[in-house]
Amino acid sequence: MKKALAWAMCIAWMAVIFAFSAMPGDVSGAQSGLITEVLMRLLSPLSDDGISAPAATVEWIVRKGAHMTEYAVLFLLYHRALRLSGAKRPGLFALALCAAYAATDELHQRFTPGRGPSPVDVMIDTAGAALAALAHALFRAASRGKKAPRGVSP
């Protein structure tokens, strides 16, 4: 039952990503624009001290941060489902599945009005999954009292 639920959660999250990608460019832009506006208001007290960022930069960070977050969550869901299914290297397979889904998601955007495919977004999505993989590995190592994985310094 746990395994079926884990895979169902993967499919549900993939559907969420698909739904976001199916939004026309103007709708998607309005959503990120709203978040950008809120962040700009929160950052406005800092601008008196000479710290500020153009709205376009903040919006870019919001949009790309959303990409990374979506795929970080997808990695964690895939990892759990694969582990429960008995995969030998669930992290590696989860990362590969995230990269593959990112590529198909960008292809899907080719057919969405006002949107288009971006190889850079595939890399950003995959980077979000890779960061989740790194965080997961560090957390597991810390919880077991072991050193961080080779090549990773705390």
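Any read-out appearing in this document is the output of simple, stated calculations on the displayed coordinates, not a laboratory observation. None of these values were measured; they are calculated from a predicted model. Using ideal geometry, Cβ is built from the backbone for each residue, glycine included, and neighbour counts are taken over all protein chains shown.
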- Query: Measuring from label point to label point, each 7 Å out along Cα→Cβ, what is the Ala56 to Arg41 span in nm?
  - Reply: 2.4 nm
- Task: Give me D for the range 57-100 in µm² s⁻¹, whole number, from Stokes-Einstein with Rh from the Kirkwood sum over alpha-carbon pairs, 4 °C and 1.567 mPa s.
- Result: 116 µm²/s
- Roughly what would the spin-label model give for Ala15 and His108, points 7 Å off Cα along C-beta, in nm? 1.2 nm
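Over all distinct alpha-carbon pairs, what is the Kirkwood Rh of the range 62-154 in angstrom?
Numbers: mean 1/r = 0.0713 Å⁻¹.
Here the Kirkwood hydrodynamic radius works out to 14.0 Å.
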- Inter-centroid distance (Cα atoms) of the range 6-25 relative to the range 67-145, Å: 13 Å
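Convex hull volume of the Cα atoms in the range 81-122, per residue, in Å³? Working shown, then result.
Numbers: hull volume 2.6 nm³, N = 42.
Hull volume over Cα atoms, normalised by residue count, gives 63 Å³.
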- Task: Sort the following peptides by mean Cβ neighbour count (other Cβ atoms within 10 Å, averaged over residues), highest first: 117-126, 2-11, 93-102.
- Result: 93-102, 117-126, 2-11
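Calculate the FRET efficiency for Arg83 and Ala142 from the Cβ-Cβ distance with a Förster distance of 22 Å, rounded to the nearest 0.05.
Numbers: r = 18 Å, r/R0 = 0.83.
Efficiency, from the Cβ-Cβ distance: 0.75.
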